[in-house]
Amino acid sequence: MKNKLQHLFSGLAIIIFIFFAFGSGDSDSSSTTEHSKFLAYNYAEDFIEQRLKSPSTAEFPGVSEKDRHITDLGGGEYQINSWVDSQNGFGAMIRTNWSCKIIFIDGKVKAENIVIE
């Protein structure tokens, strides 16, 4: 259930991003950059979740903490260094550090340098 809610919120974040980036008529680039940062984090979560032993148990940081884990590299590129709590192969909850670079290019999203420690 929690996983479904996370995907619902990720989908809503994408819709909100699209509205603000293309539909609002607001040319405030700092606002668009802020939304892009969180969109990048949401994509990163999806890439990391796919690589976990038990993705349905994944718990990522809250919104206020996520902001500190995102570095805007410019040109539609974001470096994300964060953590996830999830069950390992024995069912124990463990915290795992991870990082990746998210790149928005030509209407697509690319993940590079995915590291899960």
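The values are calculated or read from the model by the stated rules, or taken from the named source; none is laboratory data. No experiment lies behind these values; they were computed from the predicted model shown. Reconstructed Cβ throughout: ideal geometry from the backbone, glycine too, with neighbour counts over all protein chains shown. Heads up: the accessible areas ignore ligands, DNA and RNA and are worked out on the full protein's heavy atoms, side chains in. Shrake-Rupley method; radii C 1.70, N 1.55, O 1.52, S 1.80 Å.
Some notes on this structure:
- Label-to-label distance for I116 and D46 is 1.7 nm, based on points extended 7 Å past Cα in the beta-carbon direction.
- Accessible area (Å², 1.4 Å probe, nearest 10) - H35: 60 Å²
- Amide H contacts under 5 Å for L73: Y78, Q79, restricted to partners 5 or more places along the chain or on a different chain, H placed in the peptide plane at 1.01 Å from N.
- Among 50-60, 94-104, the peptide with the highest mean count of other Cβ atoms within 10 Å heads the list, and the full ranking is 94-104, 50-60.
- Burial ranking of peptide ranges 74-84, 37-47 (average Cβ count within 10 Å, highest at the top): 37-47, 74-84
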